[in-house]
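Below is one structure; the comments refer to it alone.
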Amino acid sequence: MGSNNALVRSVPAKDPPIRGYARVLANLAEGNGRRIRVAIRGWPGAIPGQFVMVGAGAEASVPRYDPLLSRPMAVYREHGPGEAGEAEIELFYRVVGRGTALLSEVGPAQRVSIVGPLGRGFPLVDCGSGGGPALLVGGGTGIASLYEFARALAEAGRSVVLLLGAGARDDLIGRADFEALGLELVCTTEDGSDGIRGLVTGPLETRLAEHGSAASVFAVGPTPMLRACADLAARYAAACLVSLENPMACGFGVCLGCAVPRAEEGFSLVCRDGPVFDAREIDWEGLP
Ligand SMILES: Cc1cc2nc3c(=O)[nH]c(=O)nc-3n(C[C@H](O)[C@H](O)[C@H](O)COP(=O)(O)OP(=O)(O)OC[C@H]3O[C@@H](n4cnc5c(N)ncnc54)[C@H](O)[C@@H]3O)c2cc1C
Ligand code: FES
C-alpha cells in the first residue's frame, strides 16, 4: 500500500442514507466540546469516516430559515438498535458559530433533523496491508471522525497507533473512549497541558521514520495539518488517506459548494467523492 501503488479508494456507503428526525437523549459539555446522543429509527449503519448533516438546532413548530442549512458532523459513535428498534448515534462538536450554538441549546426529548450517513469512508480492508501499523492522526474536532475506524481496526486485530493532537487537554475530545479501546495512544497538545508538547505531526514523523512505506496514514483535522501529514507520508513513501472538512451546504452533491481541486484535473466534491481521499488526489496548493 506504498505511495508508488495505485490510489487508495475510500469506501462507498452500503445502504442509501435516510432523512428523518432523531430524538435527543443527551447533549452535554465535555471538555471544550459537546457530545450529543440521539436515537433514530431506520438508521442503516455508517461506514467509519462517514458523516451526517444535522439540523442547526431543534425541530421547530414552524420552519426555521436562519440558519436554513444543516451542518456536517462526523458520526462519532454508533450503538446498535436498542429495545425500541432505534439505533443511537453520537456526534462530538465544538461551538464555533450560530449553527453549533443553536445545536448546543437542544435538550433531551427535543428532535433534530438528520440526513445520513453520507460520503465515503475509510477502507478497512486495505488498511495495514503494507505490513506496518495504521497511523491514525486526529487534530481538533477531526478526532471525532476516527473513533469508529479505530474501534473497527482494533476488533480486526490490526496494529494501530492513535496520534491525537489538540490545542490543550480539554480539546482532546473523547479521550477516555479512545483509551478504552486499548490501542497505543499518543496525545499532543500545543500548550503542553497533556501528552507531548507540540504538534501531532511530530510523533507522526517519528513513526514514519521507524516504519517507512510499511505504515499507512489516516488523517482528519485542519487543512494545514492534513497537508503536513500528506507531505510526511510522501517523504516516507507511505500511503496516506485524508478526510477533508470543507464547509458544506447540501451534503449530497447538489450545490457544488464543497468542490476541491484535484491534482490531475478538475474538481471533486468532498461530500460525495469524499470526505476521505487518497492525499495524492488533492491539489493542496489550490485549497483555500
Ligand atoms: C465531513 C465533515 C465532518 C465534520 N465533523 C465535525 C465534527 O465531528 N465535529 C465538529 O465540531 N465539527 C465538524 N465539522 C465542522 C462543522 O461542520 C462546522 O464547525 C460547522 O458547520 C460550523 O457551523 P456553525 O454554524 O456553528 O459555524 P459558522 O457560523 O458556519 O462558522 C463559524 C466559523 O467556523 C468556520 N467554519 C465553518 N465550517 C467550517 C469547517 N467545516 N471547517 C473549518 N472551519 C469552519 C467559519 O469559517 C467561521 O469562521 C465537520 C465538517 C465536515 C465537512
Ligand atoms: S455540499 Fe453540496 S455538493 Fe457538496
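Observations on the structure shown:
- Per-residue ellipticity at 222 nm computed for the chain from its helices equals -4500 deg cm²/dmol, with DSSP H segments shorter than 4 residues left out and the rest contributing -39,500 (n - 2.57).
- Cβ charges +1 (Lys, Arg) and -1 (Asp, Glu), total dipole of segment 18-118, debye: 220
- GNM on the chain, alpha-carbon springs under 10 angstrom: the most fluctuating residue among Leu146, Leu69, Leu226 is Leu69.
- Selection from Cys258, Ala58, Leu287 lying farthest towards where the dipole of the chain points positive, charges on Cβ: Ala58
- Computed about the Cα centre, the dipole magnitude for the chain is approximately 520 debye when only Lys and Arg (+1) and Asp and Glu (-1) carry charge, each at its Cβ.
- Shown here for segment 255-288: GluC sites (Glu not before Pro) in loop regions (DSSP other than H, G, I, E, B) with at most 10 other Cβ atoms within 10 Å, namely Glu264, Glu265.
- Each peptide in 158-164, 175-181 receives the mean, over its residues, of other Cβ atoms within 10 Å, and ordering these scores from highest gives 158-164, 175-181.
- For the chain, the ratio of Cα radius of gyration to the globular rule of thumb 2.2 N^0.38 Å stands at 0.96.
- Close amide H contacts of Val160 (hydrogens built in the peptide plane, cut-off under 5 Å, sequence separation of 5 or more or a different chain): Ala134, Glu184.
Read the figures in this text as sums done on the coordinates, not as results from a lab. The structure presented is a predicted model; accordingly, all values stated were derived computationally and were not measured. Reconstructed Cβ throughout: ideal geometry from the backbone, glycine too, with neighbour counts over all protein chains shown.
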